[in-house]
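Only the coordinates and a few stated rules stand behind these numbers; no lab work does. Note that this is a predicted model, so its numbers are computed, not measured. Backbone-built Cβ (ideal geometry, glycine too); neighbour counts: all protein chains shown.
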Amino acid sequence: MKTAKKTRGLKILLYAILIGYAFITFYPFMWALAASFKPLSEITSGSLSLISEHFTTEQYDYLFSPESGSMFIQWFLNSLIISTIGTTINLFLNTMAGYSLARLHYPGRGKIYYGILAMMMVPTQVLLIPNYLIITNMGLLDSYWALILPAAVNIGNIFMMRQFFLSFPRDVEEAARIDGLSRTGTFFRIVMPLAKPSIATQAVFVFMAFWNNFMSPMLYLKTQSKFTLTVGLQMLQKADQGGQMWNRVMAASILTIVPIIILYIIFNRYFLQGVRMDGEK
Amino acid sequence: MTTSKPQASKRQMEEWIQGYSFLAPALLVIFVFFILSILFAVYLTFHDVNLIAHTYEWNDFRNFSNLLTDKQLIRALQNTAFFALIVVPAQTAIALIMAYVLANREVKGKKFFRLIYFLPTLTSSAALTLIFMFIFNQNGPINQMLMSLQIIDSPINFINDTEWTLRVIMAMNIWSTVPYFMTIYLASLVDLPHSLYEAAEIDGANAIDKLRFITIPYLRPITTYVVLSGIIGTFQMFDQAYIFSGGTGGPVNSTLTVSLLIYQYAFGQNHQMGYAAVLAILLAIIIFIVTRIAEKLNGGNGIENS
């Protein structure tokens, strides 16, 4: 009787903590969402009600209509293009490098591996200025390649793919070779499809990093029509210095989150797998 | 016998070629944007950079001697250290406790809680910062709530007040990093044998005892990883301070972090890229030293581990 009462009390405490923290987490998003459907006058008057008395989708209509001068759709597409191309390149380069370092034998492999690992310790700030000068000298300023090329590989993911291929069964490749596939053919037709779970894990995190990146687009992109969503959002905020158009900024912020949430729901298990691999280092 | 030997070396040659060619594209990127970049950064520290004329002028170590008289740098270091000192312990503790609670067998609806908790990790710092600026603005929900609860009489200018702005950024940083670290802890807690808890319960341990004597010691290696990642993250904090202050580090340098200062020197009006490169390397050295110390401390006092 006593223990039953105790576990019940514990249960209530557990749920109180969980729900309380869920509320803290959701609170800012809840207000952002609410504000995006309100007219500006209602926001500046500081009402404490979440549901608007004058519910309106005018800000979403504005963002989605190019006639109003909104570049939101353009920015959205830019982010999508950069993230997709950047992720695709990463997947091939990281996976091939990881495979090479795990599976193939050639002189200097060990040294190259440790050399690459050492690069993981270098903070981005050190690379920021020289990379800017290198990109400028390559004539890539204000182009998408300025965002994609320096991030075309991810050393953490090369490491992760190497770990994966170290425990990948050898007979699969040998069987494919006996069937007459070339070495390269074996890799692209047999090995890569079998590595799909690891590649998917890489993909979600690399895509998210490109999509959410703020510093590089801010540094490299000069033309407004080339902006990504993250810098575009700042433009929306700055454009209305007189009176902050919080409803518009919040509507745009919400819209930038939606694709990643969809990605999360679809690829949920790969997100968790990625965190796991990170944590096991 | 005689034919098999060239055969073997031909196979070996093929493997070499494949090995190098698979590695080559990644290595090329790493060479240009990492190795060359680091060497370039070191070169820059000894030079004055003129971006328009494309000249690099030797400046007799002036970039280094400037370090000693830079008041902005001292302010940025103070802000960054204060930021890390509050944020790292807070994010680690909250993440650990939340993981412990969420891993409890009695809890149902874990997937739902995880989705909610993970939202900040999925959101870009650009959008998050704007959302926080909105809820903390003078007419925003936080001020309204505090006023209706009669905690304050008049709205606080959280976004532009030397007392408050860095603290709001701290709160946001803790709030947005906890879920990721919590997930790392959770991944490891899955492997903790439940029989340990059961044994402790027989000995009369309550939930706090179990957390203190089983969970925390068990998670110690993960905690080291979380603390190190936290230090690296907080020392490099840029986006949030930049957006909150519109790039200035204001009000009155109260949100100036080392990363923001590096950015200002390199890409601001003066274009002191050489000096900014010195600061970047200094930051790298500081991060290296602090993480080593934290690692020693966390691994060193393993009293409960025995």
Exercise. Could you go through region A:178-186 in sequence order and give the Karplus-derived ³J(HN,Hα) for each residue, using 6.51 cos²θ - 1.76 cosθ + 1.60 with θ = phi - 60°, rounded to whole Hz, and x for Gly and Pro?
Key: 5, 6, x, 6, 6, 4, 5, x, 4
Practice problem: With no solvent and one equal point scatterer placed on each C-alpha of the protein assembly as shown, evaluate the Debye formula and give log10 I(q)/I(0) for q = 0.07, 0.11 Å⁻¹, two decimals. | Solution: -0.49, -1.18
Self-check item: Spin-label pair B:Gln72/B:Ile293, simplified geometry with 7 Å Cα→Cβ offset, distance in nm
Solution: 2.6
Quiz item: Which residue fluctuates the most in chain B, going by a Gaussian network model with Cα springs under 10 Å, if the choices are B:Ile214, B:Ile30, B:Ile159?
Solution: B:Ile30
Quiz item: How high is the relative contact order of chain A, in percent, with contacts defined as C-alpha pairs under 8 Å that are six or more residues apart?
Solution: 29
Exercise. Would you mind working out the magnitude of the charge dipole of the protein assembly as shown relative to its Cα centre, with +1 at each Lys and Arg C-beta and -1 at each Asp and Glu C-beta, to the nearest 20 Debye?
Key: 1580
Exercise. Apply the Karplus parameterisation 6.51 cos²θ - 1.76 cosθ + 1.60, with θ equal to phi minus 60°, to every residue of region A:30-44 and state each ³J(HN,Hα) to the nearest whole Hz, in sequence, with x for glycine and proline.
Key: 4, 5, 4, 4, 4, 5, 5, 9, 10, x, 4, 4, 5, 6, 5
Practice problem: Please report Rg over Rh for region B:178-235, where both radii come from the alpha carbon positions and Rh follows the Kirkwood definition. | Solution: 1.07
Quiz item: If you take the beta carbon distance between B:Val42 and B:Thr224 as r and set R0 to 25 Å, what does 1/(1 + (r/R0)^6) give as a FRET efficiency, to the nearest 0.05?
Solution: 0.25
Quiz item: Taking θ as phi - 60°, what are the ³J(HN,Hα) couplings along region A:91-97 by the Karplus curve (6.51, -1.76, 1.60), each to the nearest whole Hz, with x for Gly and Pro?
Solution: 4, 5, 5, 5, 5, 4, 5
Self-check item: Inter-label distance for B:Ile216 and B:Glu106, nm, one decimal - labels placed 7 Å from Cα along Cα-to-Cβ
Solution: 2.1
Quiz item: Given a Förster distance of 30 angstrom, what is the FRET efficiency for A:Met121 paired with B:Phe82, based on the Cβ-Cβ distance and rounded to 0.05?
Solution: 0.75
Quiz item: In Å, what is the Rg of the alpha-carbon atoms in region B:4-63, and how long is Dmax?
Solution: 21.1, 65
Quiz item: Given H placed on each backbone N at 1.01 Å, which residues far from A:Ser52 in sequence or on other chains put an amide H within less than 5 Å of it?
Solution: none
Practice problem: Would you grab the residues whose amide H sits under 5 Å from the one on B:Leu256? Only those 5+ places off in sequence or on another chain, please, with H modelled 1.01 Å from N. | Solution: none
Quiz item: For region A:1-137, what number results from the quotient of the Cα radius of gyration and 2.2 N^0.38 Å?
Solution: 1.86
Quiz item: For the protein assembly as shown, what does -39500 (n - 2.57) per DSSP helix run (n ≥ 4), summed and divided by total residues, give at 222 nm, in deg cm²/dmol to the nearest 500?
Solution: -22500 deg cm²/dmol
Quiz item: In chain B, what is the volume of the convex hull around the alpha carbon atoms, normalised per residue and reported in Å³?
Solution: 260
Self-check item: Positive-end residue of B:Leu28, B:Phe158, B:Ala127, charge dipole of chain B with Cβ unit charges
Solution: B:Leu28
Quiz item: What is the dipole size for chain A, taken about its Cα centre, with +1 at each Lys and Arg Cβ and -1 at each Asp and Glu Cβ, in debye to the nearest 20?
Solution: 1320
Quiz item: With +1 on each Lys and Arg Cβ and -1 on each Asp and Glu Cβ, how big is the dipole of region B:26-114 about its Cα centre, in debye rounded to the nearest 20?
Solution: 880
Quiz item: Of B:Gln269, B:Gln138, B:Gln78, which has the largest mean-square fluctuation in a 10 Å C-alpha GNM of chain B?
Solution: B:Gln269
Quiz item: In a shell of Cβ-Cβ distance under 14 Å around A:Leu101, excluding A:Leu101 itself, what net charge do Lys and Arg (+1) and Asp and Glu (-1) give?
Solution: +3
Quiz item: With contacts defined as alpha carbon pairs under 8 Å and 6 or more residues apart, what's the relative contact order of region A:195-266 in percent?
Solution: 24
Quiz prompt | C-alpha center-to-center spacing [region B:53-83, region A:1-77] in angstrom | solution = 42
Quiz item: Hey, rough spin-label estimate for B:Ile156 and B:Gln269, points 7 angstrom out along Cα→Cβ, what's it come to in nanometres?
Solution: 3.3
Quiz item: What are the residues whose amide H is under 5 Å from the amide H of B:Asp48, where those residues sit 5 or more places off or on another chain and H is modelled from the backbone?
Solution: B:Glu57, B:Trp58, B:Asn59
Quiz prompt | Label zone at A:Asn137, where the point sits 7 Å out along the Cα-to-Cβ direction: region B:269-286 residues whose backbone N lies under 15 Å | solution = B:274
Self-check item: chain B, relative contact order in percent, only Cα pairs under 8 angstrom and at least six apart counted
Solution: 26
